[in-house]
Amino acid sequence: MKDEIFSIIKKEERRQRTELVLIPSENYASAAVMKAVGSVLMNKYSEGQVGRRYYQGNANIDDVERTCKERALRLFGLDGGEWSVNVQALSGSPANLAVLVALVEPGQRIFSMFLPDGGHLSHGWHLPDRPVSFASKIWDVVFYHVDRKTRVFDYDRIGKDAATVTPRIIISGGTAYPREIDHRRMGEIAKAVGAWYLADIAHEAGLVSAGVNTSPFSYADVVTMTTHKTLRGPRGAMIFSRKDLSAKIDAAVFPGIQGGPHEHTIAGIAVALREASGGTFRKYAAQVVANAKVMAEELSNAGFDVVTGGTDKHLVLVDLRSRKLDGWTGAWGLESAGIIVNRNTVPYDTASSFYPSGIRLGTPAVTTRGMKEREMRRVVSWIQDVLSHVSNLKLPKQPSDRAPFLQMLSKDSFLSRIKREVSTFANRFPVPGIDRPKNL
Ligand code: DSN
């Protein structure tokens, strides 16, 4: 194929194979998932619901979407008489927006997790003086925080604050919160103040489905999740709701905020749900957490400030302030060595989200490649070397000096040597759907 896009895709395949992907929200979907997403299903319009479409020619599409919904309920052990699922939301943010549109009147109050404490933009992020997310323009959003000392949630305090805030909905969901959320307590708090409880388990979906993290379904009214993180499907989302809320939620997704659903993605989600229902996936999910625990422990032993002192799931958050390092320099130093992490805000951060004080690391992708505890120790030792090396480099104050700084990092001989070692190491571990070079 002549289109230059295909040579760029080849380069991206190489990057994904030769680098260590430690972004906790990324993973490698299987070849079967990718085949479904790249199929002819993308050619079809199917506005509406299964068996009730606004377009002709949807018999096969109905079968795909029905199968996806059945598999979703089964995977999470849900009774179809009590729970419904919508699989049409295009991704996590539209899924959360649809829930708010369905259940909360404009101007009513939302109580959600503070972003630097690990929350998400789509839960209504705003600054003290201006809205940022669309949700914060429509609803009155108040945040709850982690404790300054322990950096974990104090549920007694959240309960007391909720009684004062009197929200219509309480949202939990940690994109950078390394500990399990106590869904039972959150559900009780919501009930006590007459609010809905929305548990956004985008990050932990695969861990919850495998029984490795606690399921929120007994305590929440609505559960949203993306499908491409620990669940290892294509980029998409699902909204589970108690049966009496489902008609409102379906209507909020379409025609409320979306047009035609992406049925090729829904097919890919269905394939991923089947893959996630087996014992191999359950072992995978347990290994994801075991790997993250080792990573947290090794970083802690090396003197890094691991937020909350460890992790219960797939992600580790490191506050770099005690190392006189910032997240931007740390993350770019690591990228120059072939190790891909997020730079991330940390609790009680005073820096901006573009130049934050920490880094966020995760194990879903490297565990998919078959890496275990031993490999995590090797990876942390490289991370330690890189961060020590770059901690002598200061983040240039002037934005105009930052491009030359990155150029300098890309030519740094120490980082280039680690990059070569990382590439040789990573190449030993196969990536689903990406062929390995013949000479390996
Ligand atoms: N952007 C995702 C993450 O990286 O956590 C959340 O949507």
For Val222, which of the numbered conditions (1) free of Cβ contacts under 8 Å to residues at least 40 places away in the same chain; (2) more than 17 Å from the chain's Cα centre (by Cα); (3) surrounded by 24 or more Cβ atoms within 10 Å (Cβ to Cβ) fails to hold? (1)
Looking across segment 315-330 at residues that are of a type in the set (Gly, Ala, Ser) and buried (at least 24 other Cβ atoms within 10 Å of the Cβ), the single one that is nearest to Glu19 (Cα to Cα) is Gly330
Of (1) surrounded by 21 or more Cβ atoms within 10 Å (Cβ to Cβ); (2) more than 16 Å from the ligand (Cβ to nearest atom), Pro364 fails just (2)
Filter segment 331-346 down to the residues that are over 20 Å from Ser423 (Cβ atoms) and surrounded by 24 or more Cβ atoms within 10 Å (Cβ to Cβ) and list them by number. Asn344, Thr345, Val346
How many residues, within segment 209-238, are away from the ligand (no atom under 15 Å from the Cβ), farther than 20 Å from Lys191 by Cβ and in a strand (DSSP E or B)? 0
Name the pairs whose Cβ atoms lie under 7 Å apart, with the first residue in segment 191-207 and part of a loop (DSSP other than H, G, I, E, B), the second of a type in the set (D, E, K, R) and open to solvent by less than 10 Å² (accessible area, probe 1.4 Å), and 6 or more positions between them or separate chains? Glu204/Lys313
One residue from Gly118, Gly159, Gly107 being of a type in the set (Gly, Ala, Ser) and under 30 Å from Gly268 (Cα atoms): Gly118
Counting only helices (runs of 4 or more DSSP H) wholly inside segment 1-85, the ones holding at least 3 residues that are within 16 Å of the ligand (Cβ to nearest atom) and farther than 27 Å from Ser209 by Cα are none
I want to confirm something. Restricting to segment 153-184 and keeping residues that are in contact (Cβ under 8 Å) with a residue 40 or more places away in the chain and among the polar types (S, T, N, Q), which single residue is farthest from the ligand (Cβ to nearest atom)? Thr166
In segment 89-132, what count of residues is obtained for those that are within 16 Å of the ligand (Cβ to nearest atom), among the β-branched types (Val, Ile, Thr) and in a loop (DSSP other than H, G, I, E, B)? 1
Wholly enclosed helices (runs of 4 or more DSSP H) of segment 327-440 bearing at least 2 residues among the hydroxyl-bearing types (Ser, Thr, Tyr): 327-336, 364-368, 373-390, 413-426
If I ask for residues that are within 28 Å of Arg232 (Cα to Cα), crowded, with 24+ Cβ neighbours inside 10 Å and aliphatic (A, V, I, L, M), which ones from segment 101-138 would you list? Met113, Ala135
Filter segment 387-419 down to residues that are in contact (Cβ under 8 Å) with a residue 24 or more places away in the chain and over 26 Å from Ser352 (Cα atoms) and give me whichever is nearest to the chain's Cα centre (by Cα). Lys419
Checking Pro24 against (1) under 21 Å from Gly260 (Cβ atoms); (2) in contact (Cβ under 8 Å) with a residue 12 or more places away in the chain; (3) surrounded by 16 or more Cβ atoms within 10 Å (Cβ to Cβ), the condition it does not meet: (1)
Residue hits (segment 183-219; open to solvent by 50 Å² or more (accessible area, probe 1.4 Å) and of a type in the set (Asp, Glu)) are Glu188
Counting only residues in segment 243-296 that are over 30 Å from Asn43 (Cα atoms) and more than 21 Å from the chain's Cα centre (by Cα), the one least open to solvent (accessible area, probe 1.4 Å) is identified as Leu245
Quick one: Ala135 ticks every box in (1) closer than 30 Å to His264 by Cβ; (2) more than 16 Å from the ligand (Cβ to nearest atom) bar one, so which box is it? (2)
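The values are calculated or read from the model by the stated rules, or taken from the named source; none is laboratory data. Quick caveat, the model's predicted, so the values are computed rather than measured. Positions of Cβ are generated from backbone atoms using ideal geometry, with glycine treated the same way; all protein chains shown enter the neighbour counts. Just the protein is used for accessible areas: all its heavy atoms, side chains included, with ligands, DNA and RNA removed. Shrake-Rupley method; radii C 1.70, N 1.55, O 1.52, S 1.80 Å.
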